[in-house]
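Here the structure is laid out as structure tokens; the discussion comes afterwards.
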Amino acid sequence: MEIKNDLILRAIRGEKIERTPVWLMRQAGRILPEYRAVRNSVSGFIELAKTPELAAEVTIQPVDLLGVDAAIIFSDILVIPEAMGLPYEMVEKKGPWFPSTVNGPSDLKKLRIANPQEDLHYVLEAIKITKKALNGRVPLIGFAGAPWTIFAYMVEGSGSKTFSKSRAALYLDPEFSHKLLDMITNSTIKYLKAQITAGANLVQVFDSWAGILPPSHYAEFSLQYIEKICNAITEVPVTVFAKGAYFAREALGKINCDTIGLDWNMDIKESRTLIGSEKALQGNLDPAALYGSDKSIVASTQNMMKAFEGSKHIANLGHGVYPDIDPEKVKLFIQTVKTY
Ligand code: CP3
């Protein structure tokens, strides 16, 4: 189906665009009272994500209510560990928690390569319903976690300040680490391809914990697997968002993806120099900037736009929007990009 607002896709291809496209990481979620209303009608996040009609509804909310130039399917990166045999729970106010973790080679036996058609059928169904309801208004973004970030949750069992267990595993048992990363990578490739077949117009790989690895480990245990994913996904544009991996920008510029996400610590001009001019850059306003006054939001957004001027750019925040941000402030950010 033809997409009416294809600004993002044209920006990535380097075609002529009327204005810079804009969306927000984590736009489908708690910032919207309309989301909370749907969320409160079910037992929790996981039930919502596993009910395709409702997942589609909250996916489309930010398109209707905020005016973003893309929808991102409502799901989570942690559906992959679950599909591999490691279910998760979402603990209110705490975040994800895995009752069982992967601690060494013998635990690999309890895992399998995900079969998206079976194990993640609910996401594929949500994508199909969303596409039908969007009726070509904006592109739909599919996504997955980067293998290293997923590895970190599977070994750790939850979020962590230091991710000591998962980082220890890289030193203690690199062979086991590579085996698990390989299983995650193969699962992720199948999953992204299934999302694309179901209707995703582009996909993003979130490496949220990229920044906690030393550069040599990043090359060996993360980037290598992201590259494998990028090489396998030939159907649609791929975005790689490696939060905190400022040391890897030059290397990221060389991989087979179309867009690189920048977090708010990354200097825009310096990033462009390191990455080169070919890839689109996405980002990167400090999410905390949206706590500011209207005047300061306009000023910081315009500063960001100016720094990206003249090169392929998709406007976004430098990480997911914080849940306590006023939707009016988000709208002001979007409006400022659209009228720049
Ligand atoms: O971007 C979107 O709007 C689409 C949906 C989406 C969610 N999670 C929904 C969600 C996406 C793209 C994600 C990605 C995700 N999930 C990442 C990568 C991006 C990033 O933020 O770095 C990570 C690390 C996770 C893991 C995760 N899921 C955590 C740590 C948490 C708890 C803390 C938090 O941010 O809320 C979640 C829960 C989660 N995922 C919620 C939503 C809407 C909140 C659940 C609720 O409704 O209570």
- Query: Of Met90, Met183, which has the most accessible area and how do the rest follow, probe 1.4 Å?
  - Reply: Met90, Met183
- Message: Distance between the C-alpha centers of segment 252-267 and segment 270-340? Whole Å please.
- Response: 15
- Pairwise FRET efficiency - Glu53 versus Ser106, Cβ, R0 = 51 Å, nearest 0.05: 0.80
- Cα convex hull of the chain: how many Å³ per residue? 120
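Quick check: net charge around Gly318, other residues with Cβ under 11 Å of its Cβ, Lys/Arg +1 and Asp/Glu -1?
So the environment of Gly318 carries a net charge of -1.
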- Note on the structure: One finds, for Asp324 and Glu15 with R0 = 41 angstrom and r their Cβ-Cβ distance, a FRET efficiency to the nearest 0.05 of 0.65
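Specify whether the C-alpha gyration tensor of segment 1-110 places it in the rounded, prolate or oblate class, a ≥ b ≥ c being the square roots of the eigenvalues: rounded for a/c under 1.5, otherwise prolate if a/b is larger than b/c and oblate if not.
Since a/c reaches 1.5 but b/c is at least a/b, the shape of segment 1-110 is classed as oblate.
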- Item | Residue-normalised accessible area of the chain, given per residue in Å² at a 1.4 Å probe | 41
- Extended-chain gain in nm, criterion 0.36 nm per residue less alpha-carbon gap, His121 and Glu235: 39.0 nm
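Explain nothing, just the number: relative contact order of the chain, from Cα pairs under 8 Å at least 6 residues apart, as a whole percent.
Across the chain, relative contact order equals 20 percent.
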- How much net charge surrounds Arg249 when only other residues with a Cβ under 14 Å from its Cβ are counted (Lys, Arg +1; Asp, Glu -1)? -1
- Item | Pairs beyond 32 Å (Cα-Cα), from Lys110/Lys161; Lys16/Lys50; Lys190/Lys254 | Lys16/Lys50
- Find out how many positive minus negative residues lie around Ile46, taking Lys and Arg as positive, Asp and Glu as negative, among other residues whose Cβ is under 13 Å from that of Ile46. -3
- Query: How big is the gap, in Å, between the Cα center of segment 149-209 and the Cα center of segment 20-81?
  - Reply: 22
- Item | Where labels lie 7 Å past Cα in the beta-carbon direction, separation of Arg30 and Trp97 in nm | 1.5
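Quick one: with all protein chains in place, what share of the accessible area of segment 65-212 is carbon or sulfur, to the nearest percent (1.4 Å probe)?
C and S fraction of accessible area: 55 percent.
The values are calculated or read from the model by the stated rules, or taken from the named source; none is laboratory data. What you see is a predicted model; the values in this text were computed from it and never measured. Glycine gets a Cβ as well: all are built from the backbone with ideal geometry, and neighbour counts include every protein chain shown. Each accessible area value is taken on the protein alone, full model and side chains, heavy atoms only, with ligands, DNA and RNA left out. Shrake-Rupley method; radii C 1.70, N 1.55, O 1.52, S 1.80 Å.
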